[in-house]
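Take a look at the structure below.
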Amino acid sequence: MKNFSLSILFLCIGFSLFAQENQKLLTLENEPVYVKEFQRLFSKNANLISAEKQGSFEDNLNLFIDYKLKVLEAENQGLDTLPSFIKQYNAYKKHLSDSYLFDTKVNQQMLEEAYQRIKHERKVNYILVKSAKDASPEDTLKAYQKAKEFKIKLEDGGNFEELALAYSEDPSVKENKGNLGWINAFKTVYPFENAVYETPIGGISEPFRSQFGYHVVEVVEERKSDGKILTAHLLITPKSDAAEDQEEAKEKIDNIYQQIKEGAAFADMAKQYSDDKATAKRGGKMNAFGRGSLKSKTFEDEAFQLSAENPISKPFKTSSGWHIIQFIKHFPIGDFEKEKNSLREEIKRNHRSQIIKDSLIKKLSAQYTVKIHEPGLDYFKEKTGDDFLKNAKENLPEGNIFSIADQGYTFEYFYNKLRVLEQYRGQKITAEFLEVFFKEEKDNFLINYKREKLAEENEVYANELEDYKNGILVYEVINKNVLEKSQDSTKLKEFYTSHKSDFVSPEKYEVLLVSSADKKEVSKARRLLKRGKPVKDLNDISADLLINSGEFEKEDPQLPKNFKKKPGISAVIQQNGVYLVGQTIRVIPAQEKDFEAVKGKVLNRYQEKLEHDFMHNLRNKYKVERNEKALKALKN
């Protein structure tokens, strides 16, 4: 099935694009399509396709026309009015516009600060004295004084754990005694993180506030972050939970480990024996990972103990089976350019984002005037107390509570938001809360006003947004007219029946494999097999002899390169670092596969046919006229 993403619609071709941008390229149902759109989309995607897949000008033009036809058909089918489309489009619009709106300088400062902090972890002890955001001045002062008293006693030589048990109001203090452990950027709320990194090693912070209350932290020590590690591994999975199967797997992994210790290449051993087929073909090589990336902490701990000087782990067990790991390379925290994209995503989920937002509000407030309409917030403040919602509803002012130019935010809309907060979220509506909530709504209204103006003010943004919208519509129209129709099981089986010859299993071979690092042992096993001796007799040759049997396709890397493609026994060869002999027991001929065995492939082929028919119908349905003069200029 083709990928319908816009990003791969156009193949890279080597012709010059120099026609006038505003020149008409096509008309589609009498609506003009301009050269500049084709140029823009071509330029955007030309570097994504390798040179050997480059197509002709006509190929690319036809892809562009098909793309425009799909978008037009999607709009005519009303797919741009679906709630799912609107939700996805608006989410992307917010994501994209944020990258154009928010202050680059402040964002950069946050990125650089976070980068410096992820490079080092700090071991921290702490206490919390609770204090709500809306606590009275008297209660706030009491909380601060309690935290200050803790710090004084600690500096006078007090034991942190004992004092934490006496002073801290954090529920976890009974278990951790104030020991938070190792942290770095993004592991805690931002004010807490700031205090941790602004306090010297071995030092104690002043009491500081977060949304939870007052804290004091003690920074015990610092170490470099581990970064990531690149390894290879070899996995032996027991056939079952039965004791004999578990013991067999243990014996096999120990045998392989011994061969590696004696000089066998790890990659060869993994290719030949590992049950993790995804990594076996790469010599066991995994993707690089950091702490907390894998499901198994045991595996991570074993991996991070390895080094160039100690590159091979002893066999160890996880829930997946028995492993041996080979160290390949350690990757410390990357440079700023490598880390900044992941840091940017973390910042969006962190309190740092509020600082960036405040910077944007300051800039937008200088650009646009938010007018507050009487009686403004005072109307709601006067209604606080018992029966707030009932009192606020009576005589609720009409019109806007604030506005920018011709865009307004009504008293009624503000009231309804307060109603939801009180009735469904249990928020008590106080004058203090109204001040905070009113500012949040006003700030968000200002940002959204700017967001809606962006497409008028920034052509690059407008094009990106349009491309994404069209990409969703292309997917939706294909989903409705191809993917969903392909789920008709009756028609799918009919398609299979008429194309059975296209779905044939490859020829296979039932082969017995015998291997060892000792050529003499394998040669002796070959002689026994030639004499027709049973497999059990081979076990008497050596405990190091590995015997494996199964059905293999011709190109399977476990097979000897010289294996017999008919019943018989191969010569002894050296392959993947071991000596190997293969006995071909029988040949399993190619045969037509039944429907269930090839259902996935049948589905792909059927979808391709449906898409071909769908596009043929669109070409007949809509009128496309080409501007040959513009096309000629593009070709030259």
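The values are calculated or read from the model by the stated rules, or taken from the named source; none is laboratory data. Quantities reported herein were computed from a predicted structural model and do not represent experimental measurements. Heads up, the Cβs are rebuilt from the backbone with ideal geometry, glycines too, and the neighbour counts pull from every protein chain shown. We work out accessible area using only protein heavy atoms, side chains counted, and drop any ligands, DNA or RNA first. Shrake-Rupley method; radii C 1.70, N 1.55, O 1.52, S 1.80 Å.
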Legend entry - Where Pro200 falls short, out of the listed (1) open to solvent by 80 Å² or more (accessible area, probe 1.4 Å); (2) at pLDDT below 95; (3) over 30 Å from Ile253 (Cβ atoms): (2)
Legend entry - Among residues of the range 171-186, those that are outside any loop (DSSP other than H, G, I, E, B), under 33 Å from the mean Cα position of the chain (by Cα) and buried (at least 17 other Cβ atoms within 10 Å of the Cβ), counted: 3
Inset, instruction - Look through Phe402, Phe438 and report the one residue that is in contact with a strand residue (DSSP E or B) (Cβ under 6 Å, 6 or more places away or on another chain), modelled with pLDDT of 95 or more and open to solvent by less than 90 Å² (accessible area, probe 1.4 Å). - result: Phe402
Inset, instruction - Give the residue that is least open to solvent (accessible area, probe 1.4 Å), with candidates limited to residues of the range 42-62 that are more than 17 Å from Ala630 (Cβ to Cβ), modelled with pLDDT of 55 or more and not small (Gly, Ala, Ser). - result: Asn45
Inset, instruction - Examine the range 216-223 for a residue that is of a type outside the set (D, E, K, R), assigned to a loop (DSSP other than H, G, I, E, B) and over 30 Å from Tyr257 (Cβ atoms), and state whether such a residue exists. - result: no
Inset, instruction - Name the single residue, out of those in the range 72-109 being assigned to a helix (DSSP H, G or I) and at pLDDT below 85, that is nearest to Ile472 (Cα to Cα). - result: Ser99
Legend entry - Candidate set from the range 441-457 (those that are open to solvent by 30 Å² or more (accessible area, probe 1.4 Å) and among the basic types (Lys, Arg)); member that is farthest from Gly385 (Cα to Cα): Lys453
Legend entry - Output for the range 147-170, where each listed residue is part of a helix (DSSP H, G or I) and surrounded by fewer than 19 Cβ atoms within 10 Å (Cβ to Cβ): Lys148, Glu149, Ile152, Lys153, Glu155, Glu161, Glu162, Leu165, Ala166
Inset, instruction - Name every residue in the range 264-288 that is open to solvent by 60 Å² or more (accessible area, probe 1.4 Å) and within 14 Å of Gly577 (Cα to Cα), in order of residue number. - result: Lys271
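Kindly indicate whether Pro311 is at pLDDT 95 or above, over 25 Å from the mean Cα position of the chain (by Cα) and open to solvent by less than 40 Å² (accessible area, probe 1.4 Å).
Values: at pLDDT 95 or above: yes; over 25 Å from the mean Cα position of the chain (by Cα): yes; open to solvent by less than 40 Å² (accessible area, probe 1.4 Å): no.
No, not satisfied.
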Legend entry - Condition met for Ala249 (farther than 30 Å from Glu169 by Cβ and assigned to a strand (DSSP E or B)): no
Legend entry - Pair list, Cβ < 6 Å and 6+ apart or interchain, from the range 349-373 residues that are farther than 19 Å from Phe192 by Cβ to residues that are outside any loop (DSSP other than H, G, I, E, B) and among the acidic types (Asp, Glu): Ile361/Asp443
Legend entry - Output for the range 314-341, where each listed residue is closer than 23 Å to Ser296 by Cα, open to solvent by 60 Å² or more (accessible area, probe 1.4 Å) and under 24 Å from the mean Cα position of the chain (by Cα): Ser320, Lys329, His330, Phe331, Pro332
Legend entry - Inter-residue pairs, beta-carbon under 8 Å, first free of Cβ contacts under 8 Å to residues at least 12 places away in the same chain and in the range 231-243, second surrounded by 13 or more Cβ atoms within 10 Å (Cβ to Cβ) and outside any loop (DSSP other than H, G, I, E, B), 6+ apart: Lys239/Asp245; Lys239/Glu248; Lys239/Ala249
Legend entry - Residues satisfying the stated conditions in the range 237-250, i.e. exposed (fewer than 11 other Cβ atoms within 10 Å of the Cβ) and acidic (Asp, Glu): Asp241, Glu244
Inset, instruction - Report, ordered by the first and then the second residue, all pairs with beta carbons closer than 7 Å, sequence separation of six or more or different chains, a first member in the range 77-99 that is in contact (Cβ under 8 Å) with a residue 24 or more places away in the chain, and a second member that is among the small types (Gly, Ala, Ser) and open to solvent by less than 60 Å² (accessible area, probe 1.4 Å). - result: Asp80/Ala74
Inset, instruction - Filter the range 405-419 for residues that are of a type in the set (A, V, I, L, M) and open to solvent by 50 Å² or more (accessible area, probe 1.4 Å) and give the result. - result: Ala405
Legend entry - Hits in the range 1-41 (condition: in a loop (DSSP other than H, G, I, E, B) and at pLDDT 50 or above): Gln20, Glu21, Asn22, Gln23, Glu29, Asn30
Legend entry - Residue under evaluation Tyr115, criteria (1) free of Cβ contacts under 8 Å to residues at least 24 places away in the same chain; (2) touching a helix residue (DSSP H, G or I) at 6+ places or on another chain (Cβ under 9 Å), criterion not met: (1)
Inset, instruction - Among residues belonging to the range 513-562 that are small (Gly, Ala, Ser) and within 41 Å of the chain's Cα centre (by Cα), point out the one that is most open to solvent (accessible area, probe 1.4 Å). - result: Ser549
Inset, instruction - Filter the range 349-388 down to the residues that are open to solvent by less than 90 Å² (accessible area, probe 1.4 Å) and touching a strand residue (DSSP E or B) at 6+ places or on another chain (Cβ under 6 Å), then identify the one that is farthest from Thr104 (Cα to Cα). - result: His373
Inset, instruction - Residues being of a type in the set (S, T, N, Q) and either closer than 30 Å to Pro171 by Cα or buried (at least 17 other Cβ atoms within 10 Å of the Cβ) (or both): count how many of those fall in the range 79-127. - result: 3
Inset, instruction - Give the number of residues within the range 380-428 that are on the phi > 0 side of the Ramachandran plot and more than 40 Å from the chain's Cα centre (by Cα). - result: 5
Legend entry - Number of positions in the range 574-598 that are in contact (Cβ under 8 Å) with a residue 40 or more places away in the chain and farther than 30 Å from Leu513 by Cα: 1
Inset, instruction - Give the residue, chosen from Thr497, Thr584, that is surrounded by fewer than 14 Cβ atoms within 10 Å (Cβ to Cβ), of a type in the set (Ser, Thr, Tyr) and more than 22 Å from Met269 (Cβ to Cβ). - result: Thr497
Legend entry - helices (runs of 4 or more DSSP H) wholly inside the range 444-552 that include at least 3 residues being among the hydroxyl-bearing types (Ser, Thr, Tyr): 459-478, 489-498
Legend entry - All positions within the range 412-437 that are without any contact (Cβ under 8 Å) to a residue 24 or more places away in the chain and of a type outside the set (Lys, Arg): Glu412, Tyr413, Asn416, Val420, Leu421, Tyr424, Gly426, Gln427, Val436, Phe437
